[in-house]
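This report refers to the structure that appears directly beneath it.
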Amino acid sequence: ALSVARSAIESGRTPETRTMGCALLRDSSSRLWDVVPPEVRDGLRSWMLHMLGDVASRESSIEERRALAHAAAVIWKRAWRGDAEGVRATLWRRAAELQRAGPHGQLMCALVVRAVVDEMGGRRQTRMGVTRADHDAADAHGG
């Protein structure tokens with residue numbers, strides 16, 4: 001499932017195909033994380049960092065960007081327990097690079113940070129005190 005998802009994201013000809021690949025990656029990485037060898041997990045994280053930059057550097061739909069950001073957040077959430085400091089530092093370093101990469105990169109950075117907050121936060125409210133209703137309201141305006 002992971003290789004099919006990666007192929008759809010990398011080679012999909014339509015935004016819909018790439019978005020579905022992101023959803024498959026998000027779901028399969030969440031379910032299979034504990035049975036995938038560590039080197040495959042490390043490779044998946046590295047590949048995801050590359051793809052965040054790739055998507056940020058080209059025109060893509062907001063749905064595709066959000067789907068990729070949420071897949072990245074799930075992968076980082078699953079990896080958080082292992083090499084916590086290295087994983088955290090790598091994710092935030094990449095987010096900072098995206099922030100400096102112009103408007104498309106800034107949007108991707110914001111989506112990644114938002115997705116990580118959503119994944120790591122509680123069901124009703126994040127640690128920062130932002131309610132789910134606030135998140136939903138932001139979503140309604142493309143945030």
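The values are calculated or read from the model by the stated rules, or taken from the named source; none is laboratory data. Because the structure is predicted, anything quoted here is derived from the model rather than measured. FYI the Cβ positions are ideal-geometry reconstructions off the backbone, even for glycines, and counts take in every protein chain you see.
Within region 1-56, track down each residue that is without any contact (Cβ under 8 Å) to a residue 12 or more places away in the chain and outside any helix (DSSP H, G or I). Of everything in region 1-56, those that are without any contact (Cβ under 8 Å) to a residue 12 or more places away in the chain and outside any helix (DSSP H, G or I) turn out to be 12, 13, 14, 37. Across region 57-115, the qualifying residues are those that are over 13 Å from the mean Cα position of the chain (by Cα) and within 18 Å of residue 5 (Cβ to Cβ), and the one among them that is surrounded by the most Cβ atoms within 10 Å (Cβ to Cβ) is 60. Screening residue 78 against (1) within 19 Å of residue 121 (Cβ to Cβ); (2) at pLDDT 85 or above leaves a single unmet condition, (2). Is it true that residue 15 is more than 21 Å from residue 120 (Cβ to Cβ) and surrounded by 16 or more Cβ atoms within 10 Å (Cβ to Cβ)? For residue 15, the condition - more than 21 Å from residue 120 (Cβ to Cβ) and surrounded by 16 or more Cβ atoms within 10 Å (Cβ to Cβ) - is met. Candidates 32, 52: the one that is under 16 Å from the mean Cα position of the chain (by Cα) and either at pLDDT below 90 or hydroxyl-bearing (Ser, Thr, Tyr) (or both) is 52.
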